[in-house]
Amino acid sequence: MSRPPLIAVVWFFYLGALGIFFPYFSLYLHENAGLTGTQMGFVLAVIPMMGIATQLFWGQIADRTGARSRVLAGLGMGALFGYGALFCARGFASIALATASLAFFQTALIPSAVAVTLALTRDDGPHAFGRMRVWGTVGFFLVVVCFPPALHALREVRGFGVDRAGVSEPGLEWMFPIAGIILFFGALAALALPRGGALALRAPRGDWRRLLHHRPFRRLLGFSLVAFLCLQGPMSIFPVYVRAHGGTLDSVSEMWILMLIPEIFLILMSGAGLKRFGPRGLLAIGVIAGGVRWLVCGFAPSLAWIYPVQILHGVVVAGLVLGGPLYVEAVVPERMRSTGQGLLAMVGVSIGGISSQLATGWLLEHVGPDAPYIAGGLGALILGALIPVLLPPATRPAPTEGEQAL
């Protein structure tokens with residue numbers, strides 16, 4: 001199998017596993033595990049908390065050793081054991097600890113996969129990255145569609161007990177071993193990735209500090225922090241929000257279909273978007289789309305309003321989630337590719353996510369399920385309007401004396 005299809009297989013299975021975990025984890029915590037809103041917010045915040053400690057750590061290991069593909073495979077294997085721990089965990093403290101063990105590996109999966117993909121497709125034109133990354137969305141889509149009926153069938157086969165009061169989906173804890181099995185196949189594919197060429201470039205000790213003195217990269221980190229502060233928390237409690245408006249697990253699955261079908265086409269077209277708007281333009285489009293989406297959800301009187309606006313999810317992914325890594329790729333030297341992606345994830349998804357998860361949990365418990373969406377939507381729209389002032393064009397740092405520009 002040639003290189004690009006193999007990395008596409010990795011994306012398919014790695015994001016396929018997230019297709020179970022990400023849409024339904026908060027619903028499991030709130031209903032099946034019986035956590036309060038504040039406890040749920042803390043557990044969800046554990047994931048980005050762990051990301052602060054691990055994303056730069058794993059990026060540095062990959063860049064210092066040049067073993068980027070092996071690090072990617074190891075992260076998948078480690079996350080598999082984290083899913084096993086969550087399957088066995090009961091009670092707030094145990095679930096929080098198991099979530100931390102999963103997050104130690106899983107939070108670095110996507111930035112590591114981005115770095116490996118960009119290295120493998122560096123000479124294949126602006127469309128190559130999107131063509132590989134889209135297979136992750138396809139895997140996510142298939143699992144989101146198939147998991148609810150699979151869980152219903154499993155429940156009948158295993159004869160789960162009478163539904164507990166307030167629990168819409170008994171047996172939802174089986175999401176964890178199923179996600180682990182999917183992840184295992186992705187890790188096997190990652191083990192077969194090539195290990196030479198651009199994947200094997202090594203960075204000297206302390207080289208990552210240069211990035212923090214480079215104005216475009218530093219500004220991107222600040223922008224990403226605020227963007228994920230506004231947008232990430234509401235996404236994490238989305239199943240709880242849908243349930244509060246009279247929806248079910250099937251409603252969540254149906255809405256994810258509306259999110260993912262446009263996302264597939266938009267990611268495939270991300271190369272054209274990059275050529276036309278540049279990474280800064282993609283970021284603006286993504287964060288504004290996210291603001292509009294959450295504001296509509298915050299003021300929606302019924303599910304009939306919530307369904308159609310979910311098509312904006314694909315715009316957020318193609319703009320913000322892809323625009324950030326593409327901006328990093330334009331401003332960091334190749335030998336620091338993994339570190340740059342790790343720093344972006346650490347500051348945005350992790351540090352921004354911690355504040356967002358905690359604030360979302362508090363707002364859910366003390367104000368109501370609509371409050372996080374109104375606050376996040378307003379913040380994202382303001383941030384998007386300020387992008388021309390906040391974020392400079394993407395340029396790489398000048399080479400130091402005796403260093404060849406990459």
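Taken together, the values in this text are just the output of simple stated rules run on the coordinates, not laboratory data. This is a predicted model, so every value here is computed, not measured. Neighbour counts are summed over all protein chains in view; Cβ atoms, including those assigned to glycine, are modelled from backbone coordinates with ideal geometry.
Anisotropy class assigned to the chain is prolate, per the alpha carbon gyration tensor with a/c at or over the 1.5 cut-off and a/b larger than b/c.
In plain terms, the residue of Ile110, Ile61, Ile261 with the fewest other Cβ atoms within 10 Å comes first and the most crowded comes last, giving Ile261, Ile61, Ile110.
In the elastic network of the chain, a GNM with C-alpha springs shorter than 10 Å, the most mobile of Gly342, Gly136, Gly34 is Gly34. At 27 Å minimum axial length over the Cα atoms and a Kyte-Doolittle cut of -0.5, report the qualifying DSSP H helices in the chain, or say none. Answer set is 3-27, 37-65, 68-88, 128-158, 215-236, 249-268, 270-299. Taking 0.36 nm per residue of sequence separation and removing the Cα-Cα distance, the Thr65/Glu173 pair yields an extension gain of 35.1 nm. Shown is the FRET efficiency for Ala304 and Val145, computed with R0 = 25 Å from the Cβ-Cβ distance and rounded to the nearest 0.05: 0.70. Rounded, prolate or oblate: which one fits the range 1-104, using the alpha carbon gyration tensor with axes a ≥ b ≥ c (rounded when a/c is under 1.5, else prolate when a/b beats b/c, else oblate)? It is prolate, given that a/c is not under 1.5 and a/b is the larger ratio. Classified by the C-alpha gyration tensor, the range 263-379 has an oblate form. Its axis ratio a/c, with a ≥ b ≥ c, is 1.5 or above, and a/b does not exceed b/c. Longest stretch of the chain clear of exposed loop sites (GluC sites (Glu not before Pro), DSSP loop, at most 13 other Cβ atoms within 10 Å, sites excluded): 1-400. Projected label points at Phe265 and Phe57, each 7 Å from Cα along the beta carbon direction, are separated by 4.3 nanometres. Here r is the Cβ-Cβ distance between Ala244 and Ala153 and R0 is 22 Å; the resulting FRET efficiency, rounded to 0.05, is 0.20.
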